[in-house]
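The structure appears below as structure tokens.
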Amino acid sequence: MPESGHGARSILPLVAEDLGYAVAGRRLLNGVSFEIGPGPCTVILGPNGAGKTLTLRLCHGLLQPTHGRVGWRGPGRAEAAREQAMVFQRPVLLRRSVAANVDYALRLRGLPRDERRERAAEALDHTGLAALAGRAALSLSVGEQQRLALARAWALRPQVLFLDEPTASLDPGATGAVESTMRAIRASGTKLVMTTHDLGQARRLGDAVLFLHQGRLVENSSSDAFFEQPSSPEGKAFVRGELLW
């Protein structure tokens, strides 16, 4: 798979400044600031309700913060939007074939037919789905559907790929296949920013950790530092597997 970004200038780092989000007066995220730079994979961790998915959606631009800002280096919002993609916990697939799902995303980007066909074939081959190209996407197993969502995103060659709990509902075998695809995407030059509830997965894939608790950023460190010696009581409890409220 060719490298991501078509040689476009890097949109990284992503910078969040005093990021906040409230609904009906209730603050779900408050005063969160961080910078995500180049590197293989940043993992956003925290207990349920910490604000992980919300942070991911704000970074991707699906939601607008009620306080603070999210910005990319240099490019305007439209240019940055073309250089990123997102895969959700439950993939949203079209009632079309596997290949047509990938083609549709590329067509929305305005790519010519021959290039769409080439990119779709590459993405399906690299995710182990080439033999299923003609199958109805909704007939695939849950794990295969998640790999199709990854293939569709990968075909866009994004500089940054956001992943929200990509293996949350998968068995160990399907999880291994999805993680293998994620490693391949990472190796192609795409920056991964992901949420996960799986500490083992975070250790395997992450090189940096943002740890959230009750809507606040508690730790921002390398993966090794977080798992070996968390700096906060909440981080220490989380790594030990204790419940946090």
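A few comments on the model shown:
- Axis angle, to the nearest 10 degrees, between helix 142-155 and the longest C-alpha principal axis of the chain: 80 degrees.
- Percentage relative contact order, the stretch 86-245, counting C-alpha pairs under 8 Å, at least six apart: 20
- On full extension, the segment bounded by residue 22 and residue 104 gains 26.1 nm, given 0.36 nm per residue less the C-alpha separation.
- Residue among 187, 78, 133 with the largest mean-square fluctuation in a Gaussian network model of the chain, springs linking Cα atoms under 10 Å: 78
- Compared with the dominant principal axis of the Cα atoms in the chain, helix 172-187 is inclined by about 90°.
- Per residue, the convex hull spanned by the alpha carbons of the chain comes to 126 Å³.
- Once the chain from residue 169 to residue 141 is taken as fully extended at 0.36 nm per residue, the excess over their C-alpha distance is 8.9 nm.
- The ranking of 66, 196, 167 from fewest to most other beta carbons within 10 Å of each one's beta carbon is 66, 196, 167.
- Once the GluC sites (Glu not before Pro) in DSSP loops with at most 12 neighbouring Cβ atoms within 10 Å are cut out of the chain, the longest remaining piece is 4-241.
- Using a Förster distance of 22 Å, the FRET efficiency for residue 203-residue 35 (Cβ separation, nearest 0.05): 0.45
- Against the main long axis of the alpha-carbon atoms of the chain, helix 98-108 sits at an angle near 80°.
- Efficiency of FRET from Cβ geometry, residue 67 and residue 225, R₀ 22 Å, rounded to 0.05: 0.15
- Relative intensity, log₁₀ I(q)/I(0), of the stretch 107-182 from a Debye sum that treats every alpha carbon as a point, q = 0.22 Å⁻¹: -1.06
- Our analysis of the stretch 1-136 gives Rg over Rh at 1.02, with the two radii drawn from alpha carbon positions and Rh computed by the Kirkwood formula.
- The C-alpha radius of gyration of the stretch 35-97, expressed as a fraction of 2.2 N^0.38 Å, stands at 1.31.
- Sum of -39500 (n - 2.57) over DSSP H runs of 4+, divided by residues of the chain (222 nm, nearest 500): -11000 deg cm²/dmol
- Largest-first principal axis extents, alpha carbons of the stretch 23-67, Å: 37, 22, 18
- Among 110, 61, 20, the largest mean-square fluctuation in a Gaussian network model of the chain (Cα springs under 10 Å) belongs to 110.
Read the figures in this text as sums done on the coordinates, not as results from a lab. Here the structure is a predicted model, which means the values were calculated and not measured. In this analysis, Cβ positions are derived from the backbone assuming ideal geometry, glycine residues included, and neighbour counts consider all displayed protein chains.
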